[in-house]
Amino acid sequence: MTNMIRLHTFNGGIHPAENKDQSTSRPIASAGIPSELVLPLHQHIGAAAQPVVAVGDKVLKGQLIAEAEGFVSVPLHAPTSGTIAAIEPRAVPHASGLEELCIVIRSDGADEWITHQGLCQTLNVEHLQDITPRQLVEHIRSCGIAGMGGAGFPTSVKLNIGKQDIHTLILNGAECEPYITADDMLMRERAIEVVKGAQILLHIVGAKRCLIGVEDNKPQAIDALNAALVEVNEQHHIDVVAIPTKYPSGGEKQLIKILTGEEVPSGGIPASIGIVCQNVGTSAAIYRAVELGEPLISRVITVTGDSVARAGNYDAMIGTPVSYLLQLAGYQQQKRERVIMGGPMMGFALPQLELPVIKTSNCLLAPTEKELPLNDVAMACIRCGMCSEACPAELLPQQLYWFSKSQEFDKAEQHNIFDCIECGACSYVCPSHIPLVQYYRYAKGAIRDERAAQAKAEKARLRFEERQARKDREEAEKEARRKARAEAAEKAQQEKKAAAASGDVATAAPAASEELEKLQKKLDAAQTAKAKTQDKLDAAKADESMADKIPAFEAALVKTQDKIKELAKEIAAAKKAAKAAQAAEPAATATDKGDPNSPERLKRKWETAQGRLDTALKRLEQAKAEGLDTVDALQAGIDKQQERVDEAKAAYEAALSGDAPAAPAPSAEELDALRKKILAQEDRVQKMQERHDMAKADGLDTADALAMGVQKQLDKLQQLQQELTAAEALAANANNGAS
Amino acid sequence: MGLLTLSSPHTHGPNSTSKVMAIVALATVPGLIAMTALFGWGTLINVVLACAVALASEAAILLLRKRPVSFFLKDNSALLTGVLLGLALPPFAPFWVTAVATSFAIVFSKQLYGGMGNNPFNPAMVGYALVLVSFPVQMTTAWALSTQMTGAPAMGFADTLSVIFAGNAHLADAFSGATPLDAYKHLIAKSTSDDVLAQATFNGWLNGGWEWVNIAFLVGGVLLILRRIITWHIPVAMLSALTLCSLMFGWDEDMYTPLSLHLLSGATMLGAFFIATDPVTASTTPLGKLIYGAGIGILLFVIRTWGAYPDAVAFAVLLMNFAAPFIDAYTQPRTYGHSKARRGLPEKK
């Protein structure tokens, strides 16, 4: 060591029995080639890789068999040559015990490499300068490297530091968990690979120095690393730092605190304080990828515990079955069988032995019951606080336990439960043998569920409130219109009385308008038919069992639409004709009677007013849809216009004196149907909107397509609302007429 | 048979609650020896009696509560309550006082709250306070004088048994008297410090032997700290606060009890290391423990100086028990990665 590094310490920590000597007595041995390798597509954090081979394909060692899917993902390579035997769900080493898609390779024993080469022939600092960090990161990604310390975060993502200014690279060789010696043996035997990997990493992140943190219970590893540093003449940038043995000094946050005195902010990443941390195994893998062009297809794994006769470290291919490795180490099945993947503090007990070794598997621990006794029955918590003295995150585990147990999750959150790293130090020291970490896992899960439910409920609430507000608004508008109409009707009534008193009696209606009425009726019928067909079509679309009827409905819809268009044309023509007739007639009538109160004139007046009203209503809808502030003004105008229409209509009807009402008004049932349709459409829009929001939140590509869908549904909704308004106006007119 | 799939961690330290309780009980042994040597067999008999009553009432209430009896008796918490009460009660207290205090402590102040770990108040001190307010005569006159004061050997074993169980209180007349704290507090009102010391009760000895008892408990307490059973926070805060109060308000020996008497007499050290540190009812955060301990120290001084009772460990501890949850809520330590501590109660949503 050339530089003096001032060491810091973290709160708490424990000193469990190390039990490392069992597996360090012999060098790393090759585990050989198992007959079958099972390679889960999801061995890392992020999206699962996508297979690029098919069953029956022959593959060579190092050949790409599954490619990365998205940014946070890594590809997968064949660990040996052979045939793809299956691509199917298999049990994977995950605490859930669930099955996941795996590629199964039947090895041919030849172990034949695919042609491969690194980014440079002989790697040294000078050569490195010719390669850009970007190239290196891309290469690391294409070699399928994910953090080998345990979490399995894609290394390329971690090295993609963007604008962050990285001052320190930390290599984690602490290996603080009892029993595990995979990193220790790797550092002893392949120190040069670790150091060269550090050189590459330094070049990528642009850091000035690299600290390799190793617990002082691994003196041989420290010596080997120092010797390697001398060999590559890198003593000035890279320091091997012996840190006091204390669990969990190998936790990323804890190691950073020990080596730099800085703390990773809660919820943040080390890069935010200018630090990148990588496992020593990952560093060696990076070296092999860059100089030799070897993807990550094997790793060092410790097989230990009193249930195995030959405890030691094995260089095992990814996908090697656990049972195969155990057998290799001379596993003696116990009465109460227990095999832990990882260490005794944070590892998880495997539900079965037919599971593959994956990129993150650093240890198989097969203890006897005597060696690691099963936990006693938990006693009550006496709040002795030994847990908080041991907690490396400076939490109050005793309080978190009470809050978790009593489901006071808000208090648990207040006590920073999400800063818990689940290292198990609290459970280890608890005199009452309470499985504390399990309580925290439960609480964290429950809080996450609660948050998700809350977000959903909040969305639903907003939706409901918006809908309620819209309904209220519509109701108020309707009420205002109704009032206006009532007043107008009253006025008309009085006028009618006045007219009756004057003894002015109207004559028969013109024939042209009769023709027009008939057409109008037909048009209305056609529109109703169209609406019904649309309903059926929508229902069919919603219901999969009716999917085969969709084309028929669609055809019917087109047909009705054509008919409507035809009728509309006819009506227009009839209207023209009527107008022409009236234009001819009034001249006569005018001369005949010269009466401004003649039914024809009144009717025309009414129709003009109605036309204006319709235009105004359309404008209003548009303004509402676009959220213009002219809405109020338009509304006022419409109310006035409505009055005029009513007036004109009343006058005309008075003139006709008791003739049948002109337009066929939509029935109450039809109105209801229309309203229901609108509600259904509203739901559709909301559902669409929700899907869109979700897609947007998840950053899916479908978001845009969904946005268009939402717009389409909204348009449809608007159309329906217009229809309803028109129908209601008609109905209201009819009512007024009847009254 | 499938594999065992228990969740991590898969290993456990050697500690256990029964062991913790047993070690605390054992750490009182120096104090118990000092008390027996100086005040006779009374304390030892009380301890044995209190332990028996504690275990019997624990077993009875566990049966009533339909809980596994031997499992819970093995946690040693009842035993410890018995030991502490036996040490705290006057050496010549009649057997029924001890029995009432102990059974009330176990049944009412512990098991009815849900058993070990769930009681808000220190069970031993609830029992003590109950008999202190209910039987003031027995609780103030049954204190023994130390052999140091009387200059004669302590009362014999048989006589002590007779006093405690047969009610022959007159046998103890020659051996009993007011405690130094009690005597000094009453005498100083009418005279000076020198005069008080010259009185027969003190015979020139300020602490009347109690200093050895307190030093013995101090030794036991330090052992507990070294064994990491308790932390230094509460005892240090309590004794510091008591010292500070005494120096600030009670510095005049001719008016108030002197500091040395405060620290080395009565139940000060027993309280500081064995009673106040009961984890179940104390504050549990580092800062909280300091506040909690200081609170006890201040209350101890206030009650001893201006209150009606000569000693006040029980009341001071019980009063601070009330405050412990509140103190905890506002003294959370800063968590790793946070710029400052989050304190207080969560906001209501």
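Any read-out appearing in this document is the output of simple, stated calculations on the displayed coordinates, not a laboratory observation. Just so we're clear, the structure is a prediction, and the values are computed from it rather than from any experiment. No Cβ is skipped: glycine too gets one built from the backbone with ideal geometry, and neighbour counts run over all protein chains shown.
Any chance you could run the full-extension gain for A:V55 through A:E36? It's 0.36 nm times the residue separation minus the Cα-Cα distance, nm to one decimal.
Taking A:V55 through A:E36 to full extension adds about 5.4 nm, to one decimal.
Which of B:D278, B:D195, B:D328 ends up with the largest GNM mean-square fluctuation for chain B, with Cα atoms connected below 10 Å?
Sorting by GNM fluctuation, first place goes to B:D195.
Mind putting a number on the dipole of chain A about its Cα centre? Charges go on the C-beta only, +1 for Lys and Arg and -1 for Asp and Glu, and I need it in Debye to the nearest 20.
Result for chain A is approximately 1560 debye, rounded to the nearest 20.
Of all alpha-carbon pairs in region A:224-330, indicate the percentage at a distance above 25 angstrom.
45
Could you tell me what percent of the DSSP beta bridges with both partners in region A:21-341 are antiparallel, to the nearest 5?
Around 60 percent antiparallel, to the nearest 5.
Run through every distinct alpha carbon pair of region B:17-177 and return the Kirkwood hydrodynamic radius in angstroms, one decimal place.
15.9
Fewest Cβ neighbours within 10 Å first, please rank A:H94, A:H167 accordingly.
A:H167, A:H94
Between their Cα atoms, which of A:K158/A:K196; A:K456/A:K624; A:K530/A:K687; A:K359/A:K456 are more than 26 Å away from each other?
The pairs that break the limit, which is 26 Å between Cα atoms, are A:K456/A:K624; A:K359/A:K456.
Stretched out fully, how many nm does the piece from A:A309 to A:R336 gain, at 0.36 nm a residue minus the Cα gap?
The span from A:A309 to A:R336 would gain 8.0 nm if fully extended.
Please label the shape of region A:29-165 as rounded, prolate or oblate, based on the square roots a ≥ b ≥ c of the eigenvalues of the alpha-carbon gyration tensor (a/c under 1.5 means rounded; beyond that, a/b larger than b/c means prolate, else oblate).
Oblate, since a/c reaches 1.5 and b/c is not below a/b.
Against the longest alpha carbon principal axis of chain B, how many degrees, from 0 to 90 and to the nearest 10, is the axis of helix B:17-27 turned?
Here the helix axis deviates by roughly 20 degrees.
Give me the percent of DSSP beta bridges within chain A that run antiparallel, rounded to the nearest 5.
60
Once both axes come from the Cα atoms, what is the angle between helix B:313-329 and the longest principal axis of chain B, in degrees from 0 to 90, rounded to 10?
That works out to roughly 20 degrees.
Assign one of three labels to chain B, namely rounded, prolate or oblate, based on the Cα gyration tensor with a ≥ b ≥ c the square roots of its eigenvalues; rounded applies when a/c is under 1.5, prolate when it is not and a/b is larger than b/c, and oblate otherwise.
Oblate shape, in that a/c is at least 1.5 and b/c is the bigger or equal ratio.
For B:S16, A:S406, A:S323, A:S432, which order do you get if you count the other beta carbons within 10 Å of each Cβ and list the fewest first?
Listed from fewest to most nearby Cβ atoms, that is A:S406, A:S323, B:S16, A:S432.
Got a sec? Charge dipole of the protein assembly as shown, +1 on Cβ for Lys and Arg, -1 for Asp and Glu; which of A:L730, B:L345, B:P279 is way out at the positive end?
A:L730
Take B:V219 and A:E354, extend 7 Å from each Cα along the Cα→Cβ direction, and tell me the distance between the two endpoints in nm.
Calculated label separation equals 6.7 nm.
Give me the lysines in straight-line cross-link reach of A:K605: C-alpha distance below 22 Å, same-chain residues under 8 apart excluded.
A:K491, A:K496, A:K497, A:K518, A:K521, A:K575, A:K576, A:K579, A:K593, A:K618, A:K640, A:K649
With contacts defined as alpha carbon pairs under 8 Å and 6 or more residues apart, what's the relative contact order of region A:21-341 in percent?
About 23 percent, as a whole number.
Kindly put A:H415, A:H203 in sequence by how many other C-beta atoms sit within 10 Å of each C-beta, fewest to most.
A:H203, A:H415
Taking R0 as 22 Å, what's the FRET efficiency between B:Y330 and A:E408 from their Cβ-Cβ distance, rounded to 0.05?
Efficiency for this residue pair is about 0.85.
Restricting attention to region B:1-68, which trypsin sites (Lys or Arg not before Pro) occupy a DSSP loop and are surrounded by at most 12 other Cβ atoms within 10 Å?
Answer in residue order: B:K66.
Name the shape class, rounded, prolate or oblate, that the alpha-carbon gyration tensor gives for the protein assembly as shown, where a ≥ b ≥ c are the square roots of its eigenvalues, rounded holds for a/c under 1.5, and otherwise prolate holds if a/b is larger than b/c and oblate otherwise.
Oblate shape, in that a/c is at least 1.5 and b/c is the bigger or equal ratio.
Can you tell me the relative contact order of region A:1-112? Whole percent, Cα pairs under 8 Å, sequence separation 6 or more.
25
Sticking with the crude label model, points 7 Å out along Cα→Cβ, report the distance from A:A529 to A:R451 in nm, one decimal please.
So the label points at A:A529 and A:R451 sit 5.8 nm apart.
Let's see if you can work this out: charge +1 on each Lys and Arg Cβ, -1 on each Asp and Glu Cβ, no other charges. What is the dipole magnitude of chain B about its Cα centre, in debye to the nearest 20?
Dipole magnitude for chain B comes out near 1760 debye.
Output the 0 to 90 degree angle, nearest 10, between the alpha-carbon long axis of helix A:436-502 and the longest principal axis computed from the alpha carbons of chain A.
10
Quote the FRET efficiency, to the nearest 0.05, computed for A:L679 versus A:R612 with a Förster distance R0 of 30 Å and r equal to the Cβ-Cβ distance.
It comes out at approximately 0.50.
Output the relative contact order of chain B, whole-number percent, from Cα pairs under 8 angstrom with separation of 6+ residues.
Computed over chain B, the figure is 17 percent.
For labels at A:H15 and B:T141 in the simple 7 Å Cα→Cβ model, what's the distance in nm?
5.7
Restricting to DSSP H runs of at least four residues, report the calculated mean residue ellipticity at 222 nm for chain B, -39500 (n - 2.57) per run over all residues, nearest 500 deg cm²/dmol.
Using -39500 (n - 2.57) per qualifying helix, the result is -17500 deg cm²/dmol.
R0 = 60 Å: FRET efficiency of A:A707 with B:L26, Cβ-based, nearest 0.05?
0.25
By how many nm would the segment from B:I33 to B:V302 lengthen if fully extended, with 0.36 nm per residue of separation less the alpha-carbon distance?
Taking 0.36 nm per residue and subtracting the Cα distance, the gain is 93.8 nm.
Using 18 Å as the Cα-Cα cut-off, could you pick out the over-long pairs in A:K522/A:K565; A:K478/A:K536; A:K536/A:K676; A:K208/A:K246?
Those over the limit are A:K478/A:K536; A:K208/A:K246.
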